[in-house]
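Chemist: Right, I'll just put the structure down here and ask away after.
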Amino acid sequence: MAKKHQLIDLFCGAGGMSLGFVDERFCGDFESILAIDNNRDAVNTYNTNFGNNQHCYQASIEDWLASNPVPQADIVIGGPPCQGFSLLNKNREGDARRALWEPYMDIVEQSGASVFVMENVPGLLKSPEFLDICKRAAEMGFDLLQPAVLNMADYGVPQTRKRAIAIGIRVADFKFGMLPNFPPFKTHTAPGASDNLPNWRTVKEFIANLPEPVGTEIRHTAPPPLNLHFGRTPTQVSLERYKAVPPGGNRFDLQRNRPDITPRCWINKKSGGTDLFGRLWWDRPSVTIRTEFFKPEKGRYLHPSMDRPITHREAARLMSFPDDFTFTGSKIAVARQIGNAVPPIFAGAMARFVSGLMDYRKSKEKKVA
């Protein structure tokens, strides 16, 4: 059996990106040897799912780096916390999280990795910090393949989630001519496109076969998918609001149908986002799943046909987590892990691309030898 590529995952969260690289359902050509995150529940989830060697550490990356040797690895993956680059953060200047790419690059350098994969919100690519990242990478002997903002729906995730991906390759390790183009070829496309690919995957494909939610609490000992498939206890007013939103509707439909129970702030705001208090569509991908998907006032998180928000299990499926992936922690902690994750199906597409780079290098090295 071929030796798997050794992988380090930084700011790993629950491990969605690692799963796409190490699990054979997505890629399987990699082995995780080190992961770091400062969130206790996410670290517990990671160690629960990735073997018995407990190689994920709860620490700030700077503190871990100051007191531990960096193991040798083939690839470093992960995304420094994205809030500093996000358009949702209106006070971005001086945000310390913007500088966390620096210890990330320190570990890339000290690990001897041939490749790094950095994932972040689209705003990263237009930030001054990205120019600094490119400069540091060049000083370390890396070239960046053309960074791009990718829609994860184009790679089989049932969600229109856009993220910036930057892949760096150590030039000395890939000195054999033309490399494959980045990004990898899409596997799916928007309905009506003329590229002969399957249409984007839909909400219906991923959650329609789930039964009615059971109870209102996480049942950690229940078999999947029921362990995360629980409901809420809405007030009567909330339930009436849910019922007033038709298929594909949103807060404007609530206002038209039931102005008497529409929040005054929404009535006073005539324009704005059309996803608030919206229903998902059965025949489309989901909108971006964020950390408060269980609150329909935060986005289009109402079930397509039932009068309720989506459950944690439904959100996990829309992030493409398999049902046998175990999340640990409270309801809020698990929701954060789900909403902050990299969907494993998308991570698998990036992993297969990187594995192809590694195979390309090996083939060229054999010819030279």
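Readers should treat all values here as calculations from the given coordinates under stated rules, not as data from a laboratory. These numbers come from a predicted model, not from an experiment. No Cβ is skipped: glycine too gets one built from the backbone with ideal geometry, and neighbour counts run over all protein chains shown.
Chemist: Can you list the DSSP H helices in the chain whose Cα atoms extend at least 18 Å along the helix axis and whose mean Kyte-Doolittle hydropathy is -1.0 or higher?
Modeler: For the chain, where a helix must reach 18 Å along its axis and average at least -1.0, the hits are 344-368.
Chemist: Let me ask another. Considering the convex hull of the alpha carbon atoms of segment 104-235, report its projected area averaged over all viewing directions, in nm², one decimal.
Modeler: That works out to 13.7 nm².
Chemist: Another one. How high is the relative contact order of the chain, given as a whole-number percent (alpha carbon pairs under 8 Å, six or more residues apart)?
Modeler: Over the chain, the number comes to 18 percent.
Chemist: Same structure again: Each residue of segment 53-62 in turn: what ³J(HN,Hα) in whole Hz from Karplus with 6.51, -1.76, 1.60 and θ = phi - 60°, glycine and Pro shown as x?
Modeler: 8, 6, 9, 9, 10, 8, 5, 6, 4, 5
Chemist: Once amide H atoms are built 1.01 Å from N in the peptide plane, which residues 5 or more positions from Cys56, or in another chain, come under 5 Å H to H?
Modeler: Correct list: Ala35.
Chemist: Ranked highest first by the average count of other Cβ atoms within 10 Å around their residues, in what order do 332-341, 271-280 fall?
Modeler: Per-residue Cβ counts within 10 Å, averaged per peptide and sorted highest first, yield 332-341, 271-280.
Chemist: Something else: Can you compute the FRET efficiency between Asp307 and Thr221 using 1/(1 + (r/R0)^6), with r the Cβ-Cβ distance and R0 = 35 Å? Round to the nearest 0.05.
Modeler: 0.75
Chemist: What are the ³J(HN,Hα) couplings of segment 181-193, residue after residue, when phi is run through the Karplus curve with 6.51, -1.76, 1.60 and θ = phi - 60°? Round to Hz, x for glycine and proline.
Modeler: Taking θ as phi minus 60°, the curve returns 6, 10, x, x, 4, 5, 10, 9, 8, 5, x, x, 5 Hz for segment 181-193.
Chemist: How big is segment 221-369 along each principal axis, measuring the range of its Cα positions in Å and listing the largest first?
Modeler: Sorted from largest, the Cα extents of segment 221-369 read 78, 40, 25 Å.
Chemist: Sticking with this one: Between Phe182 and residues 5 or more places away or on another chain, which pairs have amide H atoms under 5 Å apart, with H built 1.01 Å from N, and which residues are they?
Modeler: Placed amide hydrogens put Gln146 under 5 Å from Phe182.
Chemist: With contacts defined as alpha carbon pairs under 8 Å and 6 or more residues apart, what's the relative contact order of segment 203-340 in percent?
Modeler: Reported as a whole number, the value is 26 percent.
Chemist: Here is a further query. Could you work out how far apart the two model spin labels at Glu24 and Ser330 are, taking each label as a point 7 Å from the Cα in the direction of the beta carbon, and quote it in nm?
Modeler: Result for the modelled spin labels: 3.9 nm.
Chemist: Sticking with this one: Using all alpha carbons of the chain, what is the percent of pairwise distances in each 20 Å bin, ordered from the shortest bin to the longest?
Modeler: Answer for the chain: a P(r) of 28, 56, 16, 1 percent.
Chemist: So what J values fall out for segment 305-317 if you push phi through Karplus, 6.51 cos²θ - 1.76 cosθ + 1.60 with θ = phi - 60°, rounded to Hz, Gly and Pro as x?
Modeler: 9, 8, 8, 6, x, 5, 8, 4, 5, 5, 5, 4, 5
Chemist: Could you list which residues have their amide H under 5 Å from that of Arg284, counting only those 5 or more apart in sequence or on another chain, with H placed in the peptide plane?
Modeler: HN-HN under 5 Å from Arg284: Val203, Lys204.
Chemist: Can you give the calculated 222 nm mean residue ellipticity of the chain, where each DSSP H run of n ≥ 4 adds -39,500 (n - 2.57) and the sum is split over every residue, rounded to the nearest 500 deg cm²/dmol?
Modeler: Taken over the chain, the calculation gives -9000 deg cm²/dmol.
Chemist: Rank by packing, highest mean first: peptides 295-301, 195-201, 308-314, 130-136, with packing defined as the count of other Cβ atoms within 10 Å averaged across residues.
Modeler: Packing proxy ranking, top to bottom: 308-314, 295-301, 130-136, 195-201.
Chemist: Counting other beta carbons within 10 Å of each residue's own, what order do Ile77, Ile261 fall into, fewest first?
Modeler: Placing the least packed residue first, the sequence is Ile261, Ile77.
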